[in-house]
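Novice: The structure's right below; bear with me while I get my questions together.
The values are calculated or read from the model by the stated rules, or taken from the named source; none is laboratory data. Here the structure is a predicted model, which means the values were calculated and not measured. Counting neighbours? That spans all protein chains shown, and the Cβs are built from the backbone with ideal geometry, glycine included. We work out accessible area using only protein heavy atoms, side chains counted, and drop any ligands, DNA or RNA first. Shrake-Rupley method; radii C 1.70, N 1.55, O 1.52, S 1.80 Å.
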Amino acid sequence: MYIFDSHVHIYPEKIAAKASENIGDFYSLDMAFDGSIAALLKANEKAGINRCLVHSVATTKEQVQKINDFISESVNEYPDKFVGFGSLHPSMTQKEIDEEICRMLEIGLLGIKLHPDFQYFNIDEKSAMELYEVVDNRMPILLHTGDKRFGYSTPSRLANAAKHFTKQKFIAAHFGGYSEWDDSIKYLSELENVYVDTCSSLAFITPQEAKTYIDAFTEDRVFFGTDYPMWNPSDEIERINRIDLTETAREKIFYKNICKFLSIDIPNE
């Protein structure tokens, strides 16, 4: 089966290992890989992953353009294997945000990745809401969502934003709420402009719980993701295959939903 990994972090070779180590420290987890493109390609080949959505996070506004250039360059180097989301930062002015979105579109990026816990903003605070307003539905926004240790990215905060910007498409990472999965169902599952990915969740929940979350969001709004370099892609595929899904649902989650969402041709169709 064709497999599209919708949640992958990559870093330039010279900083990849350190960046991966820092993420592991943040979550108190041993990282599976070093965050490099070379290791990603090797892991994907072994796992049978055909394509992935790559991105990175700007922790300051000064990093935004450099990160977006790196992601664009990586996509251009591997056009059959990567599509890319760029980064923005809520501390940017509205003019800076608008100019960078226009530039992101010009260099072939398809969406925006934000990480409230790393960028230190609340999903529904004034600066974030102004950012979404400037985006104005031109690109989907992938947000890290959930973490009981912090209040930045709770499912309820994303619900506030999604209800205000009903035409804006949001992807709520980690089944809509890392370590707050029940709240993701409570606050997000009925919002049609909110989609979820499976990454950094399946190692902590049972296949039966995963099925409950898929049913809540429906099989049409769930994307497969590994959160490379955090987890081994082969293990994440195996975890998906343990869930009691129809073949139609499995195909949607593994690749059809994300291809449709990003308006990418579905392989062999």
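Novice: Can you name the residue in the stretch 42-65 that is among the basic types (K, R) and free of Cβ contacts under 8 Å to residues at least 40 places away in the same chain and is also surrounded by the most Cβ atoms within 10 Å (Cβ to Cβ) among such residues?
Specialist: Among residues in the stretch 42-65 that are among the basic types (K, R) and free of Cβ contacts under 8 Å to residues at least 40 places away in the same chain, the one surrounded by the most Cβ atoms within 10 Å (Cβ to Cβ) is K61.
Novice: Would you please name the residue that is surrounded by the fewest Cβ atoms within 10 Å (Cβ to Cβ), looking only at residues in the stretch 112-121 that are of a type outside the set (A, V, I, L, M, F, W, C) and not in a helix (DSSP H, G or I)?
Specialist: Going through the qualifying residues, I end up with Y120.
Novice: Looking at (1) of a type in the set (S, T, N, Q); (2) in a loop (DSSP other than H, G, I, E, B); (3) under 18 Å from I141 (Cα atoms), can you tell me which one N257 breaks?
Specialist: Just one mismatch for N257, condition (2).
Novice: Cβ-Cβ distance below 6 Å, separation of 6 or more or different chains: which pairs start in the stretch 228-253 with a residue that is closer than 15 Å to A39 by Cβ and end on one that is modelled with pLDDT of 95 or more and open to solvent by less than 40 Å² (accessible area, probe 1.4 Å)?
Specialist: Once the first residue is closer than 15 Å to A39 by Cβ and sits in the stretch 228-253, its partners that are modelled with pLDDT of 95 or more and open to solvent by less than 40 Å² (accessible area, probe 1.4 Å) give Y228/V8; Y228/L40; P233/A43; P233/A47; P233/I49; P233/T226; S234/A47.
Novice: Sticking with this one: Against the condition open to solvent by less than 10 Å² (accessible area, probe 1.4 Å), touching a residue at least 60 places away in the same chain (Cβ under 8 Å) and either in a loop (DSSP other than H, G, I, E, B) or within 25 Å of V222 (Cα to Cα) (or both), how does L109 come out, does it pass?
Specialist: no
Novice: Does at least one position in the stretch 208-220 carry a residue that is crowded, with 24+ Cβ neighbours inside 10 Å and under 26 Å from H9 (Cβ atoms)?
Specialist: No.
Novice: Report yes if A203 is among the small types (G, A, S), open to solvent by 30 Å² or more (accessible area, probe 1.4 Å) and without any contact (Cβ under 8 Å) to a residue 60 or more places away in the chain, otherwise no.
Specialist: yes
Novice: Further question on the same structure: Looking only at residues that are part of a helix (DSSP H, G or I) and polar (S, T, N, Q) in the stretch 66-104, which one is most open to solvent (accessible area, probe 1.4 Å)?
Specialist: Ranking the qualifying residues of the stretch 66-104, first place goes to N76.
Novice: Given the structure, is S234 part of a loop (DSSP other than H, G, I, E, B), of a type in the set (S, T, N, Q) and open to solvent by less than 50 Å² (accessible area, probe 1.4 Å)?
Specialist: no
Novice: Pull up the stretch 139-164, narrow it to residues that are part of a loop (DSSP other than H, G, I, E, B) and in contact with a strand residue (DSSP E or B) (Cβ under 9 Å, 6 or more places away or on another chain), then point me to the one that is farthest from G86 (Cα to Cα).
Specialist: Among those residues, the one meeting the criterion is G146.
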